[in-house]
Every structure is written in structure tokens, then in C-alpha cells.
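Have a look at the structure below before the remarks.
The values are calculated or read from the model by the stated rules, or taken from the named source; none is laboratory data. In this text the structure is predicted, and so the values were computed from the model without any measurement. As a convention, Cβ positions derive from the backbone with ideal geometry for all residues, glycine included, and neighbour counts pool all protein chains shown. These area figures cover heavy atoms from the full protein model, side chains too; ligands, DNA and RNA do not enter into them. Shrake-Rupley method; radii C 1.70, N 1.55, O 1.52, S 1.80 Å.
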Amino acid sequence: MNASSFRITTHVLCLGLCAVLAGTAALAQTPAGSKSPANKEEPDTQVLSDTLSYDDANKTSVFTGNVILTRGLMKLTSDKLDLREDAQGFQYGVATVSKSRFVFIRQERPENYEVVEARGDRGEYDGKLNTVKMIGHATVTRFICGKPFDTVNGEVVTFNNQNNTYSATGGPTSAAQPGRVRSIAQPRAKTDLAVAECRKLYNNKPMPSTIQAPAQDGGSATTGAAG
């Protein structure tokens, strides 16, 4: 994959995932319906799970069992989601699976007719380093109008949002065989043509989203803002 296309892909993924996990870390600490004036325009965060354990003293939240997290146009699914906050206020998140096949993340950009999907055995967010990692059978794919265009496979795919750099490494649990990094990218002209055709298909309107807005009911854990 060429540097520019993969940088765009992973940057979109990181921005979405960083926002999701940062918002979720505040979820169990914020009364439902409360809003921060500075963040009142931010989308709601919803986490559905079988159980939730929150420890105020240690600033940790653990969601387990068919975890489905949505925040705006980002969706994350896993079997377990561990979140913590350190003494300096930095937030960290780890998504893992036991019964499911992969940790799965989907970020939609309807106005660009683009979707970025990532999957792996484990997903990690480090708020202090401002990095996102997909670990084990890691795959990141960018779709244009529903068709795959750019893909990178490896054992670990890391994006550093602080300095806008990325890396992918191979290994025994790489999604590419035999244990290497594999990247595929379409020419820019082909991508631009696909976007133009999709824009025409939708009459210059954004592509419909497949991610449902959080349901405001008593059975959902929601917050109006991050923090």
C-alpha cells in the first residue's frame, strides 16, 4: 500500500477509535444525560454488554459479554472491553475476544463514500502515547462505495496519532502468510473514479450509514458527552 493512502486509512481509524475509547472511559463515571458545555456537540456513546463492573477508586471499567460499542459513525464489537484512567488523566483501553473470532471496528465516512474496517485478536488504545494497535491477525481495509480498495495485513498494525506515523509488523500470528506484512493499494485515479461514481449513484448525497444511532432507553448505558 502506498504511504498516502494507508496514512489516510489508519488516520481515520485512529481518530474514530481514540474518540470511542476516550468517551467510553468516561461512560461509567458520568451520570446519564449529563453534558459538558465544551463537548455538548459530541455524539452519544453507547455500550451494550452482558455485565459492567466499575471501580471508582481505581478508575477502571470492565464490560463483558457480547460488547457492542457505538459512538457516532464508529462501531466496535468484542467479548470484553477493559478501560482505565491513570493518575494524570490519560485513558487506556483493551478490547479482546474469547468466543468471537475477532475484535472488529468499523468507521464510516458517508460524505466521502468511505468505510474503514479493522479486525484483530486484540485492540489496544494508549491515551498517553496516542496510539492504536490491532494485534494478532491484524487487518485494516478501506472500502469505497462498499468495495475494498486499500488493505494491510500483519501481526500488528500500529498508528501513532501524535506524530501521524504508522507501522505494520509480521510474525507468527500475522494475517498475511507466511508471517509477513502484506499491503494492497489501488491507484489514486481508480479511487477518485470510484468516489465520483458513488457520488453520482447517491445524487451527491452522503452514502447511507449502516450504524444505528444509540437507543435512548432504560436498558442502555449512554452518555451525552465524553467527560
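As a test question: what accessible area, to the nearest 10 Å², does TYR54 have when a 1.4 Å probe is rolled over all protein chains in place? Spelled out: TYR54, probe radius 1.4 Å, area about 70 Å². Taking all protein chains together and rolling a 1.4 Å probe, LYS190 ends up with roughly 110 Å² accessible. Spin-label model, LYS128 to SER167: label points 7 Å out along the Cα-to-beta-carbon direction sit 1.8 nm apart. Modelled this way, with points 7 Å down the Cα-to-C-beta line, the labels at THR60 and ASN203 are 5.3 nm from one another. Panel note: the C-alpha atoms of region 45-202, placed on their principal axes, show extents of 54, 39, 34 Å (largest first). Listed cross-link partners LYS99/LYS147; LYS147/LYS205; LYS99/LYS133; LYS80/LYS133 are compared with a 23 Å cut-off, the Cα-Cα value being larger for LYS99/LYS147. One decimal place: the segment ILE184-ASP50 gains 44.5 nm when fully extended, by the rule 0.36 nm per residue minus the C-alpha distance.
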